[in-house]
1. Plugging the Kirkwood radius over Cα pairs into Stokes-Einstein for the stretch 127-252, at a temperature of 4 °C and a viscosity of 1.567 mPa s, what D comes out in µm²/s?
2. Compute a Gaussian network model of the chain, connecting alpha carbons closer than 10 Å, and tell me which residue from Lys194, Lys35, Lys27 fluctuates the most.
3. Rounded to the nearest 500 deg cm²/dmol, what is the calculated helix-only ellipticity per residue at 222 nm for the chain, with -39500 (n - 2.57) per DSSP H run of length n ≥ 4?
4. Sort Phe192, Phe92 by Cβ crowding within 10 Å, fewest neighbours at the top.
5. To the nearest 20 debye, what is the magnitude of the charge dipole of the stretch 19-258 about its Cα centre, counting +1 on the Cβ of each Lys and Arg and -1 on the Cβ of each Asp and Glu?
6. By how many degrees, between 0 and 90 and to the nearest 10, does the Cα long axis of helix 99-113 differ from the longest principal axis of the chain?
7. Within the stretch 187-236, list the GluC sites (Glu not before Pro) lying in a DSSP loop whose Cβ has at most 15 other Cβ atoms in a 10 Å radius.
8. GluC sites (Glu not before Pro), restricted to the stretch 28-83: which are DSSP loop and have at most 12 other Cβ atoms within 10 Å?
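We did not get these values from a lab; they are worked out from the coordinates using the rules stated. Because the structure is a prediction, the values reported are computed rather than measured. Please note: Cβ atoms are built from the backbone with ideal geometry, for glycine as well, and neighbour counts cover all protein chains shown.
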Amino acid sequence: MNAELWDLRVDKIVADLKEGKRPDARKVDEVRKVKISNKVSENADGAARVQLGETDVIAGVKMGIGEPYPDSPDDGSITVGVELLPIASPDFEIGPPDKNSIELARVVDRGIRESKAIDFRDLCIKEGEQVWMGFVDLYILNDDGNLFDACGIAALSALLDTRMPKEEDGKIVKGEYQGKLKLRNKPILNTFGKIGSTVVADPSAAEEKAMSARFSVAVTEDDNITAFQKGLGGSFKAEEISHCIDLAMRNSKQIRKLL
C-alpha cells in the first residue's frame, strides 16, 4: 500500500476510534483470537506456532552444552533471536538483524528471564565448566501487527514443550531425552498502542501505522510484573499505564488457559 493510501487509512482509524470503533470491530481492550500449535518441528527440542489474528509466528528451542559465564559459574542460560522474514511483510529485508528485530528479541527475552520462569541453576551440569544453554529462535511468517505478544506467547509455549536432551560425559546423546525443561511460571507479554487519545490492546498492523506510542508489559499468573517496554516517540499518562497493567493481568489469564 502506498504512502497516500496509508495516510487515508490512518486518518480513518483515528476518526473511528473517537467513536470507539476499530477496523476489525474489536473493543479497545480486546485481543484477537489466539491459536497455539505444538509439535510443529521434528528437529527442535521444543517448538510452537502461534497465530494472533493474522499474525503468524513459529518458535523453536534447541538445547546445547556450553561454558557458563564467569560471573555465574553454576547458571545455564537462554538466548532469544528473531528473524523478520521478507515473506512476512514488505517492510522486512534480508540481512543482519535490524533495530526492530533486536528490540523484539530483547523484550521477549526479558519477559521470560526476569520472571524467573527458568531456574538457571537447574541447567548446571558441572559448575564452572558445563551448563545447558537454550536457544529460542523466532521466525515471523506473517506480520499483521503486535509481533511482541505473538513472539512472547510462541517462545513461552515452545519452552513449555521443550524436552531436555540426554547428557553423558559432557556430551549430548542424539535422539534421547531426560525429561522436560522445568518452568516455574508462565509470563505473558501484553502490548498496547496509543492512537490519538485512545489506548488499544493488541494493535493490528493498520493500527500500528497510526500509533504514537507503544507499551508492553509482561505479567505472571501471580499478577507480578516482570518487564516493561515503552516504544515510539509518544507518551502515556500515568493512569493509562495503570489501566494497561490491569488489562494485561485480565487478558493474560485468558491466554494462559491455552497453554
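1. Result for D is 77 µm²/s.
2. Lys27
3. Values: 5 runs with 71 residues, N = 259.
Mean residue ellipticity, 222 nm, calculated: -9000 deg cm²/dmol.
4. Numbers: Phe192 27, Phe92 17.
By the 10 Å Cβ count, ascending: Phe92, Phe192.
5. 720 debye
6. The answer is roughly 60 degrees.
7. Numbers: sites: Glu207, Glu208, Glu221; in loops: Glu221.
Qualifying residues, ordered by number: Glu221.
8. Numbers: sites: Glu30, Glu42, Glu54, Glu83; in loops: Glu30, Glu42, Glu54.
Hits after loop and neighbour filter: Glu42.
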